[in-house]
Amino acid sequence: MEENATMSVAEDVASEAIVAPEAVAVAEEAVPQKKKRKPINQQKLQDNLWGWAFCLPLIIGTVWFVYAALIMAFLLSFTDYTVGNSVPLMEYLFTMGKHIATNMDTGARDAGYWYKFVFTHTVRNTFAEITYNEMGYHLFNTVFYMIGIPIGMILSMFFAVCMSRDIKGGNVFRVLYYLPCVASSISIIYTFRIMFKETGVINQMLGLATEDGGFRWIDQGATTAQTWGSLLGKDSTNEFMRNPYWCQGIFTKLVIIIMSVWKGLGGTIILYVAGLSGVNAATKEAAQIDGANGWQIFWKVTMPDLYPVIFYNIVTSVIGGMQIYAEPVLMQGESWLTSGYVSLIWRYGINGDLGQPYASLGTAYGMVLAVMIFVLTLFQFWLDSRNKD
Amino acid sequence: MEEMENMQVVEPVEEVDLTPGSASKEQIIKHYSPFRYGVGAVLAFFGFSSKTHRASKKRAKLVMDIATYVILLFGTFIMVYPFWWMIAGSFAFTGQSGTTDMFNELVWWPSSMTTQNGVGLFYNYQWLFTSGFKGGSNGMPKGYSYWRAILNNLIYSIVPVVVGVITSASAAFSFAKIQWIGRNQVFFFLLAAIMVPGPSIMVTQYVMYDQMNWRTNGLALIIPGLFGSIMTAFFIRQFLFGLPTSIVEAAKIDGAGYFRIFCGFILPLAMPAIMAQGLLSFMGCWNNYMGSFIMVPQSSPWINLPHAMYVLANVNTENQAPIIAASVLCVLPVLILFAAFQKLIIGSLMLTGSKE
């Protein structure tokens, strides 16, 4: 067979040479003139040209919209640029040296001003009667939502193991569980928001709906805190208990965690089902013959094989979890008790909550976020490498 | 003393082989207790072996299968119920000035349906078409309508996805099948871009699009997608590695240029991967709320359907049944698409081991 193939290839080459004698002649004429120079392999040149040509759009897109944007964000974070600035962005960055130290607005800002602002900006809340560090609270919210990651992983592992059993219709379940993943998140959020209303279906099912309302899962008003304040004791000497402003956010966060777990379950299940189908069946059987029970096989054989999948899932979930934005904002609007860190970028960088949309402040927040995500990812890889030793 | 005697009496019995198969019922009851024997019988019925009974493997499997189905069906109920609620809620009647607790009794079906209030069954949907999304009212931008929302969504999700998947596929072809200097370095340089979190570069992108005037004519959501995405290219590249390189070489020897090889061989052969990635990107773009919310100003008729839903829900806080109807209309096309291509999509997800 191989001989035949090479033969036919050789024939093809020969026939082509016969078909185009003129081209060969031209090529031969051209060759002696170029001989003094370094000979160029035409095929390799073609490969290199076409190779670059084919991935040029992707390279341009990535460099332009990601790397250039990143570098510009980094540079901008040391300046004082606003979104509506009359100086175009590129021109501003090329003359950046002028803008770093001296400032157009107040004259009091130095290069690290926005970074100091990010870490030290405090806000006075009149209702809760506290002054809080804004970045700290938003980071706390972001991390709080990550409770959903282990919950989702355990649940999806459980369902994936169920689906991997030798039963009929396992594929149908896989599709049905994946439905929430393809649904528009804004539709899901609005549906959940009404389902978790005081008189909504969840309170009906749990028996928490009453004549004059019901349990407030989602509420940005002061009522929840007041209800909880009376519950926890108004006479308490502990400020934290007497004025439980923090209660306002807890249940909204809980609803958002439930929703995120519900929405993300299907994707993780598919990941795990794919992983489970790749587990070595022979090892499993050997363990079974050696007298291991199902539980032991799962922990000693299946889990080590699944480890790369689980690790990948944790890394991507943490990266995604750090960037949570739309869910809390759509569920109850911007609030210091529920919003994630990214909403600070939106509020100060684009929306202009400080009076003007300070693009520089937004990029400073973004740079801090990028560093945090990078460090977290590195930390996980470090844990992973330690685990392997 | 008595206890000692008893133990001495029992001890000889211990030497009898008590494994469930070989010992008689009397022997087992005598050694253990009738109660334990009964418990063992019940356990064996449910497929669990104990010291008194050995359950048959068939029974064990049957019981486990039933348990699996019960668990999976319960999970399916939780996964599907909100969708059912959405559909049922879109037929609830809240009127133009309805009360906020209009979904009061809605567990399975709304207590106050549209037809019971003298309007048609699809009243909420009609309201969306006639006045809900109408430009100028409900906070909608001028010149807006429901069809405009659908058209915008289609433009945003077809143009960048079709072009982007082809550019991604061409890059994947270049990385997988053409030998050029530095291709691995370039590939990892591009792959490293997925490490950059989107929100970090959000503000610069906003300023860039703003100064190029892409925000008010929808280009901000179209042009970046045309250049392809590195993840799509990555997955298609993985797929192309599975194809024999000899196809490309044979075609080259036959005199086909790389462009012809790409159009004539690679695109048709990699179609399953391209289709799957394209469908997933389509769904992502159709549901892209963040892009429109951040990049497109609310006064522009280029806002997409999810963004328009957000505007409508903020203005129309009392009468929320039409918003649920809009949710259904937003979810339905994607669900239909997913149902039609679920084998391809799930297969691709299983193969690539990605979540999106």
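What number of residues in the stretch B:139-185 are hydroxyl-bearing (S, T, Y) and in contact (Cβ under 8 Å) with a residue 40 or more places away in the chain?
6
Take the stretch B:305-334 and flag every residue that is polar (S, T, N, Q) and outside any helix (DSSP H, G or I).
B:N316, B:T317, B:N319, B:Q320
Which residues, taken from the stretch A:286-309, are away from chain B (no Cβ under 13 Å), among the polar types (S, T, N, Q) and over 15 Å from A:M153 (Cβ atoms)?
Answer for the stretch A:286-309, where residues must be away from chain B (no Cβ under 13 Å), among the polar types (S, T, N, Q) and over 15 Å from A:M153 (Cβ atoms): just A:Q296.
Looking only at the stretch A:144-197, how many residues end up being among the aromatic types (F, W, Y) and farther than 18 Å from B:L73 by Cα?
Of the residues in that region, 5 qualify.
Identify all residues within the stretch B:163-181 that are more than 9 Å from chain A (Cβ to nearest Cβ) and closer than 19 Å to A:L45 by Cβ; write none if there are none.
B:K177
Residues that are surrounded by 16 or more Cβ atoms within 10 Å (Cβ to Cβ) and more than 7 Å from chain B (Cβ to nearest Cβ): list the helices (runs of 4 or more DSSP H) wholly contained in the stretch A:40-98 that include at least 1 such residues.
A:69-76, A:89-94
Being loosely packed, with under 15 Cβ neighbours inside 10 Å, more than 8 Å from chain B (Cβ to nearest Cβ) and not β-branched (V, I, T) is the filter; apply it to the stretch A:159-178 and report the residue that is farthest from B:D65 (Cα to Cα).
Among them, the one singled out is A:G169.
Quickly run through the stretch A:255-276 and pick out the residues that are at the interface with chain B (Cβ under 8 Å from one of its Cβ atoms) and under 16 Å from A:I202 (Cβ atoms).
A:W262, the sole residue that qualifies.
Looking only at the stretch B:173-203, how many residues end up being out of contact with any Ser or Thr (no Cβ under 6 Å at 6 or more places or on another chain) and under 30 Å from A:L376 (Cα atoms)?
Looking only at that region, the number is 18.
Name the one entry in B:Q185, B:Q179 that is surrounded by fewer than 18 Cβ atoms within 10 Å (Cβ to Cβ), in a loop (DSSP other than H, G, I, E, B) and either modelled with pLDDT of 85 or more or not assigned by TED's automatic domain parsing to the domain that holds B:L219 (or both).
Being surrounded by fewer than 18 Cβ atoms within 10 Å (Cβ to Cβ), in a loop (DSSP other than H, G, I, E, B) and either modelled with pLDDT of 85 or more or not assigned by TED's automatic domain parsing to the domain that holds B:L219 (or both) holds for just one of B:Q185, B:Q179, which is B:Q179.
Okay, residues lined up against (1) assigned to a helix (DSSP H, G or I); (2) of a type in the set (A, V, I, L, M):
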| residue | (1), (2) |
| --- | --- |
| A:M163 | yes, yes |
| A:K168 | no, no |
| A:V172 | yes, yes |
| A:V175 | yes, yes |
| A:Y178 | yes, no |
| A:C181 | yes, no |
| A:I189 | yes, yes |
| A:K197 | no, no |
| A:N203 | yes, no |
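Could you check how many residues of the stretch B:136-152 are crowded, with 18+ Cβ neighbours inside 10 Å and aromatic (F, W, Y)?
Of the residues in the stretch B:136-152, 2 are crowded, with 18+ Cβ neighbours inside 10 Å and aromatic (F, W, Y).
Looking at B:N217 and the list (1) touching a helix residue (DSSP H, G or I) at 6+ places or on another chain (Cβ under 7 Å); (2) in contact (Cβ under 8 Å) with a residue 24 or more places away in the chain, which single condition is not satisfied?
(1)
Hey, B:M86 hits all of (1) surrounded by 18 or more Cβ atoms within 10 Å (Cβ to Cβ); (2) away from chain A (no Cβ under 11 Å); (3) of a type outside the set (S, T, Y); (4) in contact (Cβ under 8 Å) with a residue 24 or more places away in the chain but one; which does it fall short on?
(2)
Please work out which one of (1) surrounded by fewer than 20 Cβ atoms within 10 Å (Cβ to Cβ); (2) within 9 Å of chain A (Cβ to nearest Cβ); (3) not charged (D, E, K, R) is the condition B:S300 fails and give its number.
(2)
The values are calculated or read from the model by the stated rules, or taken from the named source; none is laboratory data. Since this is a predicted model, take the numbers as computed values, not measurements. We place every Cβ from the backbone using ideal geometry, glycine too, and count neighbours over all the protein chains shown.
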